[in-house]
1. Would you mention how many residues in the stretch 29-72 are polar (S, T, N, Q) and either farther than 22 Å from Leu93 by Cβ or in contact with a strand residue (DSSP E or B) (Cβ under 7 Å, 6 or more places away or on another chain) (or both)?
2. Which condition breaks for Arg80 when tested against (1) surrounded by fewer than 18 Cβ atoms within 10 Å (Cβ to Cβ); (2) at pLDDT 95 or above; (3) of a type in the set (D, E, K, R)?
3. Tell me the helices (runs of 4 or more DSSP H) entirely within the stretch 199-275 that contain at least 2 residues that are charged (D, E, K, R) and under 17 Å from the mean Cα position of the chain (by Cα).
4. Give the residue that is surrounded by the most Cβ atoms within 10 Å (Cβ to Cβ), with candidates limited to residues of the stretch 232-244 that are farther than 30 Å from Thr204 by Cα and in contact with a Ser or Thr (Cβ under 8 Å, 6 or more places away or on another chain).
5. Look at the stretch 107-124 and say how many of its residues are surrounded by 15 or more Cβ atoms within 10 Å (Cβ to Cβ) and in a loop (DSSP other than H, G, I, E, B).
6. Looking at this structure, is Ala78 without any contact (Cβ under 8 Å) to a residue 24 or more places away in the chain, at positive phi and over 16 Å from the mean Cα position of the chain (by Cα)?
Amino acid sequence: MNKVSDGLAILDSDHTELLDTLDSVFTEWALKAGAKKISPPPVYRVAQLEKFDVYDNFPHLALVAGPLRPADESRPDAHRFHPGKLADAHLGLPTATCFGAYLFFEGMRVPSSALVTLANHCFRNEEYFDGLRRLLSFRMREIVALGTYEHTRNVIEDFKARIEAFLGELDLDFTSEAATDPFFDREGGRALLQRLQEVKREFTVDGLAIASVNTHRNFFGERCGITVENGSSHAFTSCVAFGLERWVSVLVDRYGTAAKAAEVARSAALNTGSD
């Protein structure tokens, strides 16, 4: 049985096996598409996340960390540390996995069709928590494209089709809906462009978004100084995101047990050429 409390989950062996099975499927999609694996840290400097307007766009979700002040009495009070015992919080906990890809390529020139995959623990200070559906700390696998606009759009279209086929094989009743993305200025050209052109599509099961495809144009390329080889323009980016515990939740709801859901997931991967 899982241990879930206050937005934090410890998965039992069956649920862990299901999560690992799903992550393997998504990772295999990325590798077959030519992606390289990279490994991000669980936290970043606030200065790094600040580049992406995280604290402007997601202040309600953001979590930060800092060291305790050296003192004779450094134990917590009522199971928490009060502000006076904390030094400045200079570490930021990521709300999304893809940040690691942009920071990895910061200041670099990339091929016109770069593709990487990475997974990380993400953290969101949600208004409420709900089992594995909505957690404070959760795992997210992402596939990130960098390069030309055409490349980033092609990756999005490819993985949209993969996700829809996989959901169909899993016999999950899903919707695919356009959504908005806060990684654009609220005013000006980018805001207008977002209204005219779809930049985010979510795949939802039982009212829960379990995957999304996102295009950010050259926002992250500009913020991180990432340029495309054989040219001076900033790289365009797009990403495909999978909230792993959310997938676990909807599959267990559908099939009753994590063991049965893992069996179905493996079969669906074979039937869609994902294995």
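1. 1
2. (2)
3. Working: elements: 219-224, 244-255, 258-271.
Output list reads 244-255.
4. First, the residues of the stretch 232-244 that are farther than 30 Å from Thr204 by Cα: 232-234.
From what is left, the residues that are in contact with a Ser or Thr (Cβ under 8 Å, 6 or more places away or on another chain) are 233-234.
Working: Ser233: 12, His234: 18.
This residue is His234.
5. Adding up the residues that qualify gives 2.
6. Values: without any contact (Cβ under 8 Å) to a residue 24 or more places away in the chain: yes; at positive phi: yes; over 16 Å from the mean Cα position of the chain (by Cα): yes.
It is true that Ala78 is without any contact (Cβ under 8 Å) to a residue 24 or more places away in the chain, at positive phi and over 16 Å from the mean Cα position of the chain (by Cα).
Residues are listed down the side, and each one gets a yes or a no for (1) part of a loop (DSSP other than H, G, I, E, B); (2) modelled with pLDDT under 95; (3) crowded, with 22+ Cβ neighbours inside 10 Å; (4) of a type in the set (Val, Ile, Thr):
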{"position": "Ile143", "(1), (2), (3), (4)": "no, no, yes, yes"}
{"position": "Leu146", "(1), (2), (3), (4)": "no, no, yes, no"}
{"position": "His151", "(1), (2), (3), (4)": "no, no, no, no"}
{"position": "Asn154", "(1), (2), (3), (4)": "no, no, no, no"}
{"position": "Ala178", "(1), (2), (3), (4)": "no, yes, no, no"}
{"position": "Ala191", "(1), (2), (3), (4)": "no, yes, no, no"}
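Residues are listed down the side, and each one gets a yes or a no for (1) within 30 Å of Asp206 (Cβ to Cβ); (2) β-branched (Val, Ile, Thr); (3) in contact with a Lys or Arg (Cβ under 6 Å, 6 or more places away or on another chain):
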position: His60; (1), (2), (3): yes, no, no
position: Leu63; (1), (2), (3): yes, no, no
position: Gly66; (1), (2), (3): no, no, no
position: Pro94; (1), (2), (3): yes, no, no
position: Val116; (1), (2), (3): no, yes, yes
position: Arg124; (1), (2), (3): yes, no, no
position: Asp130; (1), (2), (3): yes, no, no
position: Leu136; (1), (2), (3): yes, no, no
position: Arg153; (1), (2), (3): yes, no, no
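The values are calculated or read from the model by the stated rules, or taken from the named source; none is laboratory data. Note that this is a predicted model, so its numbers are computed, not measured. When we count neighbours, we look across all protein chains shown, and the Cβ atoms used for this are built from the backbone with ideal geometry, even at glycine.
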